[in-house]
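The values are calculated or read from the model by the stated rules, or taken from the named source; none is laboratory data. Please read all numbers here as calculations on a predicted model, not as lab measurements. Counting neighbours? That spans all protein chains shown, and the Cβs are built from the backbone with ideal geometry, glycine included.
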Amino acid sequence: MQTTLKSRSQRTLRQNTAVPMQKLNPKTRAKNFNEVALGYTEEQALLEAQRCLGCQKPRCVEGCPVSVDISAFIKLLKERRYDAAIKKVKEKNSLPAICGRVCPQEEQCQKLCIRGKTGDPVSIGRLERFVADFERKKGLLIPPIAQSTGKKVAVVGAGPAGLTVAADLAKLGHQVVVFEALHSAGGVLVYGIPEFRLPKKIVQDEVYYIEALGVEFHTDALIGRLFTVEELFQQGFDSVFIGSGAGLPIFLGIPGENLSGIYSANEFLIRINLMKSFRFPEYDTPIKVGKSVAVIGGGNVAMDSARCALRLGAEHVCIVYRRSRDEIPARAEELENAEEEGITCKFLAAPTRFIGDEQGNVKAIELVAMELGEPDASGRGRPVAIKDSETTMEVDTVIVAIGRTPNPIIQSVTKGLKATSHGTIVAEAETGQTSLEGVYTGGDIMTGEATVISAMGTGKRAAKAIHEYLLSKDTEDNSSPHIFHIKPIIR
């Protein structure tokens, strides 16, 4: 009887506890840019999948911005039908290997998981990563493409929203051309997220999949300068989707911010991720990181910046955040990873000025202690400075990671396109329809800076609306090809 009770107890414990995922050793990984999270083995994935209750009305789907049929794909995984499982995922999500790594599942699908009421929720993101990686190793499966509609769509920006729109419309039979301002497709996926969290090869493979659907990519193509939106219509496009993201950094606006040694997180991460400065001199993009680094901000971008600085040789890296640990917006696992690697945090503190040396280099930050007052619009306590609480922190590098806003180029040159005072494009939330007929938008340029999966969700809704709009138009002869005298996608 005791053995039976013990067996039941162990089984209950297994059911209530998620299968852990292996990670590189903190001391080892802090010295390189290799991927930290190693993913599930087949055995681990099957064990974790068994924890899924297979709910008849799964609530987890309600938390997925792209509406993946989670229960169905996990059921197929349990049956070891991995090809069918990834096919089921890709019915709604064209970037599963990316989402399985960087999406905040704990605040979305997993937050609503019924299993989570009595223990850990099912690790949906890790299972999605497993089936996506299984397909990548075996070879990408290309779904059937609908018969050509003869309609052409220009997609501005090859970030999460643009890639989602492109894939969905291509599968529906539309001709899609993507214009990307930078020299690699992927947007924030390649310039904003470090290699140790999202390897560039993963992004490249997802882009190749979308290209295999018939999507045409043009890089080094800045819309608003190369072509205007109006000129895209003149080129023969029937609709335009604007997904150019939020690429301009926000600064603190305090004294000394122009001192040498102070970076925006945007510049810092672009130089490291897209320009590969972490492999200098193989790639000729040097970046200077001192011994003592402060990162201002508490989001995932701040964590990424801090962990990059550590890997580039900093001896001490401190994250300075104006609220407490409980309010920090970064994913819990990213904060955990950073602290495992030796990064420290200074909570309830905010910079008031930067102090420089005689050569114009930053040498210290003046910080003021904060306390939390009444909740602000975010629902969190508003940080309030404590009088006469200033202290100084000696540093030789500062990275400001407090957010990004949209680049205003397209808004400023597109007559009739309405934008907000924050630079975002005004659009209907459920369709992405802008103030101009045939012009849709999604991602950070519509919502402001948000998550990868949030951008993908807006892209899916816009793709549906664009498809309906195109089918409602009178049939026109758009079959003649147009030659774009711009650089093709870089391999």
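Just a few scattered comments:
- Filtering segment 159-174 for residues that are over 30 Å from Met446 (Cα atoms) and among the basic types (Lys, Arg) leaves an empty set.
- When segment 188-199 is filtered for residues that are aliphatic (A, V, I, L, M) and not in a loop (DSSP other than H, G, I, E, B), the ones remaining, listed by number, are Val188, Leu189, Val190.
- Considering segment 244-261, and only residues there that are at positive phi and out of contact with any Asp or Glu (no Cβ under 7 Å at 6 or more places or on another chain), the residue that is surrounded by the most Cβ atoms within 10 Å (Cβ to Cβ) turns out to be Gly256.
- Matching option when the condition is in a helix (DSSP H, G or I), surrounded by fewer than 22 Cβ atoms within 10 Å (Cβ to Cβ) and in the same structural domain as Met456 (by TED's automatic domain parsing), among Phe233, Phe227: Phe233
- Of all residues in segment 425-451, those that are at pLDDT below 95 and touching a helix residue (DSSP H, G or I) at 6+ places or on another chain (Cβ under 7 Å) total 1.
- Residue match in segment 452-472 (condition: touching a strand residue (DSSP E or B) at 6+ places or on another chain (Cβ under 6 Å) and at pLDDT below 95): no
- Contacts under 9 angstrom Cβ, first residue in segment 250-263 being farther than 20 Å from Ile287 by Cα, partner of a type in the set (Phe, Trp, Tyr), 6 or more apart: Leu252/Phe354; Ile254/Phe354; Pro255/Phe354; Gly256/Phe354
- When Ala146 is tested against (1) touching a Lys or Arg at 6+ places or on another chain (Cβ under 8 Å); (2) assigned to a loop (DSSP other than H, G, I, E, B); (3) within 27 Å of Val188 (Cα to Cα), just one condition goes unmet, and that condition is (3).
- Hey, Ser480 surrounded by fewer than 17 Cβ atoms within 10 Å (Cβ to Cβ), at pLDDT below 95, over 22 Å from Leu163 (Cβ atoms) and not aromatic (Phe, Trp, Tyr) or not: yes
Table: residues versus (1) under 21 Å from Thr451 (Cα atoms); (2) not β-branched (Val, Ile, Thr).
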site	(1), (2)
Glu339	no, yes
Thr344	no, no
Phe347	no, yes
Val362	no, no
Ala369	no, yes
Pro406	yes, yes
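- Strands (runs of 3 or more DSSP E) (entirely within segment 249-327) containing at least 2 residues that are of a type outside the set (A, V, I, L, M, F, W, C): 262-264
- Residue match in segment 388-410 (condition: in the same structural domain as Val362 (by TED's automatic domain parsing), farther than 28 Å from Phe268 by Cα and not small (Gly, Ala, Ser)): yes
- Top-ranked residue of segment 188-218 - restricted to ones that are under 15 Å from the mean Cα position of the chain (by Cα) and of a type in the set (Phe, Trp, Tyr), ranked as surrounded by the most Cβ atoms within 10 Å (Cβ to Cβ): Phe196
Condition check ((1) assigned to a helix (DSSP H, G or I); (2) basic (Lys, Arg); (3) in the same structural domain as Lys88 (by TED's automatic domain parsing)) across all residues:
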residue	(1), (2), (3)
Thr164	yes, no, no
Gly186	no, no, no
Lys201	yes, yes, no
Gln204	yes, no, no
Val207	yes, no, no
Ile210	yes, no, no
Ile223	no, no, no
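- Flag if Lys151 is modelled with pLDDT of 95 or more and surrounded by fewer than 24 Cβ atoms within 10 Å (Cβ to Cβ): yes
- Residue match in segment 117-136 (condition: assigned to a helix (DSSP H, G or I), surrounded by fewer than 22 Cβ atoms within 10 Å (Cβ to Cβ) and small (Gly, Ala, Ser)): no
- Here the condition is being out of contact with any helix residue (DSSP H, G or I) (no Cβ under 7 Å at 6 or more places or on another chain) and within 12 Å of Gly297 (Cα to Cα); of Ile402, Ile386, it holds for Ile402 alone.
- Residues within segment 171-185 that are farther than 16 Å from Ala221 by Cβ and surrounded by fewer than 24 Cβ atoms within 10 Å (Cβ to Cβ), tallied: 4
- Of all residues in segment 395-422, those satisfying the criterion of being touching a residue at least 40 places away in the same chain (Cβ under 8 Å) and small (Gly, Ala, Ser) are Ala401, Gly403, Ser412.
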